[in-house]
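In what follows, a structure is listed as structure tokens, so that the remarks can point back to it.
The values are calculated or read from the model by the stated rules, or taken from the named source; none is laboratory data. Because the structure is a prediction, the values reported are computed rather than measured. Quick reminder, even Gly has a Cβ in these numbers, built from the backbone with ideal geometry, and neighbours come from all protein chains shown. Areas reflect the complete protein model, heavy atoms only, side chains present, ligands, DNA and RNA absent. Shrake-Rupley method; radii C 1.70, N 1.55, O 1.52, S 1.80 Å.
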Amino acid sequence: MSVTVEKVDVFFFERPRTTPYLGAGEGEFAIGERYIVREFNGTVYPLTDRSIVVKVTDKHGAVGWGETYGLVAPKAVAAIIQDLLAPYLAMRSFETPEAAWDGLYELQRVRGYWGGYLGDALAALDIAIWDVHARSNGQSLQAALGKGGSGRLEGYVSGIPAPSRQARLDLVREWKAKGFHKVKLPVGHTDNGDVIGEMETLRAGLGDDHEISVDLHWTLTAQETLDLDAALKPIRPWFLEAPTKPEDIEAQRTIARSITAPLAIGEEWRTDWDYRHRLDCCHIIQPEMGHTGITQFARMARLANARGTGILPHATIGLGIFASASLRAALAFGAQGHEFQHTIYTRNAELLDGAAVVEGGYFEIPDTPGHGVTLNGEADNYLTPLVL
């Protein structure tokens, strides 16, 4: 069935939190009442859960839901959709969701708009269009991507927002008792940036069978990364994530050539072009469905599979629509697991019908139509329609 969009509705999702993502952040720089700038990497984060949600209705009345980043300046994404992308879709017909994405991308390509807010806007629409497409054909998203059936993906616990080293170890032990045997330590969840000390404590307290990785949040140079890698070698990190500035391709390449732990990057990528320039810069790619949408996630995954590169999708703050799409795409392309944002995923899954259950260390992914989730009545309390 061809892609024929009749209408696009855009919503802002925002849900308050008692504790901000990555912890309380006392003493860090606040911008008004919505944002905080983290001291360890200078990056702005919202104080609430936020995203942009789209509802796409096709000319037959079928509905699909999509979602993308709305962490900062969410109305920028909404304006791109409403001013340009939605009217264009309403005037065209496409044979496949991929063709629709390509058509939308071409609109601004020659002006150098290849990513950023434009890429996020494309991702939201792409997820919704794939959802309509798969549902209309009676398929799950994983079946539409070439691998039908239910399945499971191992989740790794992401983030250890506890106030002391011992408390962080205790928190990971609690998750280990629930069946989770992999964890990622953010550099911001350390005592004064002491990554080595934190990793030594986790290794000693969790045992040799537990996988431990560290997210460096783009805080190091290439040489600092290699020095840290050498110091951590006895601890056997599962992987080191995002060590240096994401624009510095040569630094990434230098690290990948000499590092002993696997290097994982890619959460900021929007298109396969971002990956094509870095094919030799990592051992694991971390596509973020909220940035890539399904079309670009699939293109990156095919490249990774052809090269024997690992796939371990990133998962960020949101309602959970793009998280569900990510799980199914990850299942379809043989990902080695999926990030589990334990302070976000289960909490916001309560606002959705059909979200994958997380139990015993695994996401249990059903073979239900589309990306599997629809919004329930409770979600309406946190959605605001956006109209230019």
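At-a-glance table
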| item | result |
| --- | --- |
| 20 Å reach of a label modelled at Leu279, 7 Å along Cα-to-Cβ, counting backbone N of segment 252-269 | 252-258, 263-267, 269 |
| Calculated FRET value between Lys233 and Ala306, using beta carbons and R₀ = 25 Å, to 0.05 | 0.25 |
| Contact order normalised by residue count of the chain, Cα under 8 Å, 6+ apart, percent | 21 |
| Reachable lysines, given that their alpha-carbon falls under 28 Å from the alpha-carbon of Lys75 and they are not under 8 places away in the same chain | Lys7, Lys55, Lys59, Lys245 |
| Assigned charges on the beta-carbon of Lys, Arg, Asp, Glu; segment 92-240 dipole about Cα centre (debye) | 380 |
| Global form of segment 67-177, assessed from the alpha-carbon gyration tensor, a/c cut-off 1.5 | oblate |
| Distance between segment 101-122 and segment 284-307 - C-alpha centres, whole angstrom | 17 |
| Listed residues Phe29, Leu104, Val63: farthest to the positive end of the dipole of segment 15-105 (Cβ charges) | Val63 |
| Separation of the Ala73 and Ser150 label points, Cα + 7 Å toward Cβ, nm | 4.4 |
| Pairwise FRET efficiency - Glu268 versus Ile31, Cβ, R0 = 25 Å, nearest 0.05 | 0.75 |
| Stretch gain in nm, segment Glu359-Gln223, where the contour uses 0.36 nm per residue and the Cα spacing is subtracted | 45.0 nm |
| C-alpha long axis of helix 165-177 to longest principal axis of the chain, angle in ° | 60 |
| Fraction of beta bridges assigned by DSSP in the chain that are antiparallel (%, nearest 5) | 65 |
| Where GluC sites (Glu not before Pro) in DSSP loops with at most 13 other Cβ within 10 Å are excluded, longest remaining stretch of the chain | 96-246 |
| Inter-part distance where segment 223-238 and segment 308-330 are each reduced to a Cα centre, Å | 27 |
| Between helix 97-106 and the chain: long-axis angle, C-alpha atoms, 0 to 90°, nearest 10 | 90 |
| Degrees between helix 195-206 axis and first principal axis of the chain (Cα, 0 to 90, nearest 10) | 90 |
| Potential extension, Arg347-Arg92 segment - 0.36 nm per residue separation minus Cα distance | 88.0 nm |
| For segment 69-88 and segment 124-173, distance of Cα centres in Å | 24 |
| Ranking by accessible area, most exposed first, for Asp353, Asp274 with a 1.4 Å probe | Asp353, Asp274 |
| Net lengthening on full extension, Tyr113/Val63 (0.36 nm per residue, minus Cα-Cα) | 15.2 nm |
